[in-house]
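Q: Starting off with a structure, shown below.
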Amino acid sequence: MNESEIVRQIKEYLKTVKGCFFWKEHGGQFGVAGLPDIILCLNGRFIALEVKTEKGKVSVLQEITLKKIRNAGGIAEVVRSVDEARAVIAKL
C-alpha cells in the first residue's frame, strides 16, 4: 500500500471521530518543511501524524519536527496504517 492510500484511510477514519478537527498538510514551497502529513486537534490536544509506508523512513528534518512538537506538549507519532493512527487516538 502506498503512502497516499494510508493517508486516505486515516482521513476517512478521522471523519468518524467526534469532535476531531484535522487537515492534510501539503508540502511545497509555501509550506513548513518537515511538518507531519496530518495535523489534528481532538479534545484540546494537538496531534501530528507522520504517515509512512512499512519501508518508509522518516527524514532527519521530520524527526526534528516531531521532537519539537513533543517538546511543546503535543503528540507526534509516525504511523504506518490506519490501525496505528487509531491506536494513537485511543490513548487519549
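The values are calculated or read from the model by the stated rules, or taken from the named source; none is laboratory data. No experiment lies behind these values; they were computed from the predicted model shown. Every residue, glycine among them, receives a Cβ derived from its backbone with ideal geometry; neighbour counts consider all protein chains shown. Protein only, heavy atoms only, side chains kept; ligands, DNA and RNA dropped before computing areas. Shrake-Rupley method; radii C 1.70, N 1.55, O 1.52, S 1.80 Å.
Q: For the chain, calculate the relative contact order in percent as a whole number, restricting contacts to Cα pairs under 8 Å that are 6 or more residues apart.
A: 28 percent
Q: Now, a different point. Show that you can apply the helix-only estimate: for the chain, add -39,500 (n - 2.57) for every DSSP H stretch of four or more residues, divide by all residues, and state [θ] at 222 nm to the nearest 500. Please report the intermediate quantities before stating the final value.
A: Working: 3 runs with 33 residues, N = 92.
That comes out to -11000 deg cm²/dmol.
Q: Quick check on the range 2-45: take the gyration tensor over C-alpha atoms, sort the square-rooted eigenvalues as a ≥ b ≥ c, and tell me if it's rounded (a/c under 1.5), prolate or oblate.
A: Oblate, since a/c reaches 1.5 and b/c is not below a/b.
Q: Sticking with this one: Among DSSP beta bridges whose residues both lie in the chain, state the antiparallel percentage, nearest 5.
A: The antiparallel proportion sits near 65 percent.
Q: Round to the nearest 0.05 the FRET efficiency obtained for R8 and Q29 when R0 = 25 Å and r is the Cβ-Cβ distance.
A: Using R0 = 25 Å, I get an efficiency of 0.55.
Q: Let me ask another. Magnitude of the Cβ-charge dipole of the chain, K/R +1 and D/E -1, about the Cα centre, nearest 20 debye?
A: Rounded to the nearest 20 debye, it is 240 debye.
Q: Could I ask something else about it? May I ask you to list the aspartates and glutamates whose Cα is less than 15 Å away from that of K52, ignoring any residue fewer than eight positions away on the same chain?
A: E3, E5, E25, D37, E63, E77, D83, E84
Q: Counting only protein heavy atoms, what percent of the accessible surface of the chain is carbon or sulfur at a 1.4 Å probe?
A: Working: 3140 of 5740 Å².
It is 55 percent, rounded to a whole number.
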